[in-house]
Amino acid sequence: MHILDVVENSVESEASEVRIRVNEDVEKDLLSVEIEDNGRGMDQETVDKVLDPFYTTRTTRRVGLGLPLLAQAAREAGGDIEISSEVGKGTRVKASFRHSHIDRKPLGDMEQTLTTLIAGHPETHFVYEHRDPETSFRLDTDEMRKAPNHGQDR
């Protein structure tokens with residue numbers, strides 16, 4: 001759910017491209033999740049406030065729990081969160097977790113998360129990369145759109 005929430009923030013910030021990278025490095029006992037977009041971005045003052053659950057730029061509610069909860073989950077699992085952003089260029093959020101930590105939450109159903117994002121935002125270019133010691137997987141919605149017979153019944 002953390003990934004879905006952060007990516008929804010990216011789309012809301014008018015990102016036309018969102019990259020999601022998951023890296024599982026068992027040897028280094030590290031799980032990292034990185035979400036990068038080319039949306040509006042934030043100034044440094046806003047970046048400094050986004051981990052405060054009582055700060056939000058939304059007008060529909062007074063709290064913003066997505067990033068604070070992700071930061072809490074990362075820290076509870078021996079990791080941390082990094083946020084960098086530049087106005088007009090986009091935002092990068094990277095959460096790291098100790099892979100073997102007993103309090104590390106499971107990654108969740110990434111297939112369903114990606115399906116929800118792609119179906120809900122067909123105009124957005126999504127790139128998903130997942131690496132672990134044995135495999136590497138990459139999904140690129142622009143490549144999918146260019147594939148022969150895309151959108152045609154067989």
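Add +1 for every Lys or Arg and -1 for every Asp or Glu among the other residues with Cβ under 13 Å from the Cβ of residue 78, and state the total. Neighbour charge sum, excluding residue 78 itself: +1.
Judged by the gyration tensor of its Cα atoms, with axes a ≥ b ≥ c, the stretch 78-154 is oblate; a/c meets the 1.5 cut and b/c is at least as large as a/b.
Once the other residues with Cβ under 15 Å from the Cβ of residue 112 are scored (Lys, Arg +1; Asp, Glu -1), what is the net sum? Show your work: numbers first, answer last.
Values: positive: none; negative: 5, 8, 109, 111.
Taking every other residue near residue 112 into account, the sum is -4.
When the Gaussian network model of the chain links Cα atoms closer than 10 Å, the mean-square fluctuations of 42, 110, 144 top out at 144. Measuring against 32 Å, Cα to Cα, the residue pairs 49/146; 89/146; 28/146 contain 49/146; 28/146 as the ones spanning a longer distance.
Rounded to the nearest 500, the 222 nm mean residue ellipticity of the chain from helices alone is -8000 deg cm²/dmol, with -39,500 (n - 2.57) taken per DSSP H run of at least 4 residues.
Beta-bridge orientation, the chain: approximately 80 percent antiparallel, per DSSP, counting only bridges with both partners inside.
Values quoted throughout were computed directly from the atomic coordinates according to the rules given, and no laboratory measurement underlies them. Source: prediction; values computed, not measured. Virtual Cβ from ideal backbone geometry, glycine too; neighbours counted across all protein chains shown.
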